[in-house]
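Worksheet: the structure to be examined is printed underneath.
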Amino acid sequence: MAILAPTDTAPDRKFAVVGGANAPPKTAPRISRTALAYRMKETLGRIGWTLASITLFASIWEFCWLVGWADPKLLPPPHVFIGNFADQLKFFNTATRWAVGVNAADGPTPLQALGITIASTTMRVMVGLFVASVLAVTVGVLIRYYVIVDKLVLPTVTLLSPVSPVAWLPIAIFLFGIGNAPAIFMVVIALFFHMVLATISQIDGVNRNLLNVARTMGATKWQTYRKVIVPAILPGLLIVLRMNLFAAWMVVLIAETTGVGYGMGQVIMLARNTFNPSLVFFCIALIGLLGFLFDLALRMIQKRILYWVPETTGVLRGL
């Protein structure tokens with residue numbers, strides 16, 4: 001059945017067919033050139049300001065070195081530890097398990113060793129973060145869903161939350177020995193308790209009007225959690241996830257210094273034992289770059305998932 005709608009293209013208000021079998025096919029809305037140009041300008045602006053921020057920090061560091069305020073043997077300037085890129089790579093051969101296709105007799109090349117080191121540390125961070133997030137959200141929802149779980153689990157979570165991750169290091173070694181498992185366990189245990197409390201806090205902060213509407217519509221308790229509470233707490237949980245990403249990077253380096261075989265923590269420990277400040281700052285710069293890129297990826301995912309949440313950057317600048 002066709003629907004006739006008036007058009008504003010002529011004074012006599014002609015009618016156009018907007019539905020029915022003979023209606024033109026619908027096409028996906030296209031992004032206008034103005035919007036695309038605005039997005040490109042915004043992206044280039046953010047990249048430019050990011051580079052300007054890093055350049056300013058490096059320039060201050062270089063200036064301190066130039067006027068003699070920073071000892072180059074203890075605090076080498078960026079042009080020293082970044083300029084010796086080829087020399088730094090030879091210290092990344094701590095990997096004992098080489099990638100597929102690498103000749104075990106000759107060992108990995110410096111670039112291959114760098115890739116294996118970065119990939120191994122990143123794997124531990126991502127696996128630990130994923131496991132901790134799934135467990136924490138599940139436990140947090142169960143605590144607020146079942147009263148018996150609340151009474152039996154929440155006191156223990158609150159009790160163990162202040163314990164430093166370093167205190168769990170001997171337990172991780174006792175339970176899992178040396179390898180990937182203790183490092184992943186350290187990441188999970190460092191994030192789990194805080195994320196459980198954050199999940200509970202997000203659930204308690206859900207607008208009560210939403211819950212009342214759900215009950216009025218006849219939603220069950222499980223439907224209320226699945227359709228109302230989880231979408232409502234999702235923005236806050238993604239922010240907590242971003243914050244815990246940085247914590248995961250910090251914890252995994254502590255775990256890797258105990259001798260998991262290979263990783264960024266092992267390289268930093270090697271630099272400390274050999275008193276190589278250039279290698280230490282090179283690893284710091286590399287870890288910072290990796291953390292920045294992963295945070296950028298999470299922000300892009302967050303923006304895509306939470307398309308209805310407006311950006312609040314700079315809300316106080318107009319006051």
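Taken together, the values in this text are just the output of simple stated rules run on the coordinates, not laboratory data. All values derive from a computational prediction rather than experimental measurement. Note: ideal-geometry Cβ built from the backbone for every residue, glycine included; neighbour counts use all protein chains shown.
Rounded to whole numbers, the Karplus 3J(HN,Hα) couplings from phi for region 228-239 are 10, 5, 4, x, 6, 8, 4, x, x, 5, 5, 5 Hz, using 6.51 cos²θ - 1.76 cosθ + 1.60 with θ = phi - 60°, and x at Gly and Pro. In percent, rounded to a whole number, the relative contact order of region 78-305 is 26, using alpha-carbon pairs under 8 Å and six or more apart.
For the peptides 262-273, 221-232, the ranking by mean Cβ contacts within 10 Å, running from highest to lowest, is 262-273, 221-232. With the Cα gyration tensor of region 78-305 giving a ≥ b ≥ c as the square roots of its eigenvalues, does the rule (a/c under 1.5 for rounded; else a/b larger than b/c for prolate; else oblate) give rounded, prolate or oblate? Prolate, because a/c is 1.5 or more and a/b exceeds b/c. With a simple spin-label model that places each label point 7 Å from the Cα along the Cα-to-Cβ direction, the separation between Trp49 and Lys227 comes to 4.1 nm. Under the combined filter of DSSP loop state and at most 16 neighbouring Cβ atoms within 10 Å, region 34-97 retains these chymotrypsin sites (Phe, Trp or Tyr not before Pro): Trp69. Remark: region 72-87, residue by residue, has Karplus-estimated 3J(HN,Hα) of x, 7, 9, 10, x, x, x, 5, 7, 7, 8, x, 8, 4, 5, 5 Hz, where x stands for each Gly or Pro and the curve is 6.51 cos²θ - 1.76 cosθ + 1.60 at θ = phi - 60°. Between Ala37 and Ile82, the distance separating the two model label sites (each 7 Å from Cα on the Cα→Cβ line) works out to 3.4 nm.
3J(HN,Hα) along region 291-307: x, 5, 5, 5, 5, 4, 5, 5, 5, 5, 5, 4, 5, 6, 6, 9, 5 Hz, from the Karplus curve 6.51 cos²θ - 1.76 cosθ + 1.60 with θ = phi - 60°, whole Hz, x for Gly and Pro.
Would you tally the net charge around Asn276, using a Cβ to Cβ cut-off of less than 14 Å, leaving Asn276 out, and scoring K and R as +1, D and E as -1? Combined, the nearby Lys, Arg, Asp and Glu give +2.
Database remark: amide H of Ala219 closer than 5 angstrom to no amide H (H placed geometrically; neighbours at sequence offset of 5 or more, or on other chains; Pro and chain starts carry no H). When the pairs Lys151/Lys221; Lys227/Lys303; Lys151/Lys303 are compared against a 26 Å limit on Cα-Cα distance, Lys151/Lys303 fall above it.
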